[in-house]
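Participant: Below is a structure I'd like to ask you about.
The values are calculated or read from the model by the stated rules, or taken from the named source; none is laboratory data. No experiment lies behind these values; they were computed from the predicted model shown. In this analysis, Cβ positions are derived from the backbone assuming ideal geometry, glycine residues included, and neighbour counts consider all displayed protein chains. Heavy atoms of the whole protein, side chains included, go into the accessibility calculation; ligands, DNA and RNA do not. Shrake-Rupley method; radii C 1.70, N 1.55, O 1.52, S 1.80 Å.
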There are 2 protein chains.
Amino acid sequence: MYLLANFDEADSTRATLMRSGLELLAEKGYKGATTREIAARAGVSEVTLFRQFGSKEALLQEAVQKLHPPVEQVLPQSTRNLEADLLRLTKHYVQMLEANQGLLVRLLPELARHPELRGAAGPAGFNRAISSVLEYLTDLQKAGLLRSDESPFQAAVALLGPLFARALLFGAMGIHPPFDLQAHVRGFLEGRQRGQR
Amino acid sequence: MYLLANFDEADSTRATLMRSGLELLAEKGYKGATTREIAARAGVSEVTLFRQFGSKEALLQEAVQKLHPPVEQVLPQSTRNLEADLLRLTKHYVQMLEANQGLLVRLLPELARHPELRGAAGPAGFNRAISSVLEYLTDLQKAGLLRSDESPFQAAVALLGPLFARALLFGAMGIHPPFDLQAHVRGFLEGRQRGQR
DNA sequence: CATGGATGTAAGTATGTACTTACTTGCAAA
DNA sequence: TTTGCAAGTAAGTACATACTTACATCCATG
């Protein structure tokens, strides 16, 4: 299974607790994730949880802040084969979204009330993903491969936004209408690409 | 203020309670919205809440099911001026999203666990919006104004998805980078439009 | 062997929450 | 005026939750 969170300390008590905490956060939300259940799922006693983290809030806060999305690993160096590049990138992004849909959808409302969670991994990788894509698109514009009358930010939203919406919304609705990723990338490139037509 | 929910019974005790319930649901989530606070905000006693609805769950369920998004009101009859049509439609959609961002983002995770909320107003208007847009786009395809090698569904996601993502994500992050709606619509039409080039 | 640190068990505290019961008050229609 | 309905007040119940305290156990390191 492909997970967003992989802590350095692989299977220490703390890491196990944080993983369980994130799982339950994804399933039942902040209030729904009880210390009892987190400890039980981690296979430790509830006292251990409090000895290690002091409070439920501290546990979840640390866990969320240690999320690190592996998006940049697949960010293509502008190979100038735009369609292939973007297809690989978006595929990876969709995988990430689907694997973490529950966590994302639970984190979103908490971010509004707990701004301290926004840093680092922030919105579960989206900002990092988007800023990587931003760089990539800016590079392309500079290289003259993409038209530059559109802000890279707007282009990134046009590329990733539909994938984000599809994953969250249809994930929540429990439906999965077909979506042609390749066609999406082509549609994105159409009109934006230069020197290739 | 532009609200998603407008109940028929304008200011009965029940309607006031449901409105307060939705407000608190948006602010604090299902568990965070306590019957005490809902009643207080509605200006009635807590007992009244239970006499009227029997349970917190019944209150919120009824309230959510009575949400009705006024999207179709602005759905354009294919006037053949695509850019103007879509601009009006997307503007309206963005307004709706911004006004209801809190509710939406709280409703999304509940929908996964409480499928009974999916019906009717469901995902706070998105499915209704998308199905209206679907009809509109299908019409355009039939009229030969839009290329038809792409499914209308996919086109609808490409059009509305970025707006959805932008509203939810950046709303949650508390940032508001500029976004040119007109450019977005143009980008959408580019390559999709026919007979106009 | 002895010490220390991380864990477990058992019990308890304080608080909050959904929901109930019993009795009272105001008000509008018969 | 009387009846009845919707609302309020006050108190309480049952349960869950975050968190604590006290004491026992394991186990690796010195």
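Quick grid of which residues meet (1) closer than 30 Å to A:HIS114 by Cβ; (2) touching a Gly at 6+ places or on another chain (Cβ under 9 Å); (3) assigned to a helix (DSSP H, G or I):
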{"site": "B:GLY144", "(1), (2), (3)": "no, yes, no"}
{"site": "B:GLU150", "(1), (2), (3)": "no, yes, no"}
{"site": "B:GLN154", "(1), (2), (3)": "no, yes, yes"}
{"site": "B:PRO162", "(1), (2), (3)": "yes, yes, yes"}
{"site": "B:ALA165", "(1), (2), (3)": "yes, yes, yes"}
{"site": "B:LEU168", "(1), (2), (3)": "yes, no, yes"}
{"site": "B:PRO177", "(1), (2), (3)": "yes, no, no"}
{"site": "B:ALA183", "(1), (2), (3)": "no, no, yes"}
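Participant: On to the next question. Residue by residue through segment B:146-180, note down the ones that are surrounded by fewer than 17 Cβ atoms within 10 Å (Cβ to Cβ) and more than 7 Å from chain A (Cβ to nearest Cβ).
Facilitator: Scanning segment B:146-180 gives B:ARG147, B:SER148, B:ASP149, B:ILE175, B:HIS176, B:PRO178.
Participant: While we're here: Within the bounds of segment A:95-115, is there any residue that is modelled with pLDDT under 90, out of contact with any helix residue (DSSP H, G or I) (no Cβ under 7 Å at 6 or more places or on another chain) and within 16 Å of DNA strand D (Cβ to nearest atom)?
Facilitator: Yes, some residue in segment A:95-115 is modelled with pLDDT under 90, out of contact with any helix residue (DSSP H, G or I) (no Cβ under 7 Å at 6 or more places or on another chain) and within 16 Å of DNA strand D (Cβ to nearest atom).
Participant: Looking at segment A:125-145 only, could you name the residues that are open to solvent by less than 40 Å² (accessible area, probe 1.4 Å) and facing chain B (nearest Cβ under 9 Å)?
Facilitator: Of everything in segment A:125-145, those that are open to solvent by less than 40 Å² (accessible area, probe 1.4 Å) and facing chain B (nearest Cβ under 9 Å) turn out to be A:PHE126, A:ILE130.
Participant: Search segment B:2-55 for residues being modelled with pLDDT of 95 or more and in a loop (DSSP other than H, G, I, E, B), and hand back the single one that is farthest from DNA strand D (Cβ to nearest atom).
Facilitator: It comes out as B:ALA33.
Participant: Could you list, in sequence order, all residues of segment B:56-70 that are outside any helix (DSSP H, G or I) and open to solvent by 40 Å² or more (accessible area, probe 1.4 Å)? Quick ask: steps written out before the conclusion?
Facilitator: Taking segment B:56-70 as the starting set, the residues that turn out to be outside any helix (DSSP H, G or I) are B:66-70.
Hits for segment B:56-70 are B:LYS66, B:HIS68.
Participant: Report, by residue number, each residue of segment B:29-54 that is away from every other protein chain (no Cβ under 14 Å), near DNA strand C (Cβ under 7 Å from one of its atoms) and open to solvent by 40 Å² or more (accessible area, probe 1.4 Å).
Facilitator: Hits for segment B:29-54 are B:ARG36, B:GLU46, B:VAL47, B:PHE50, B:GLY54.
Participant: Residues in segment B:16-34 that are in contact (Cβ under 8 Å) with a residue 24 or more places away in the chain and β-branched (Val, Ile, Thr): how many?
Facilitator: The qualifying residues number 1.
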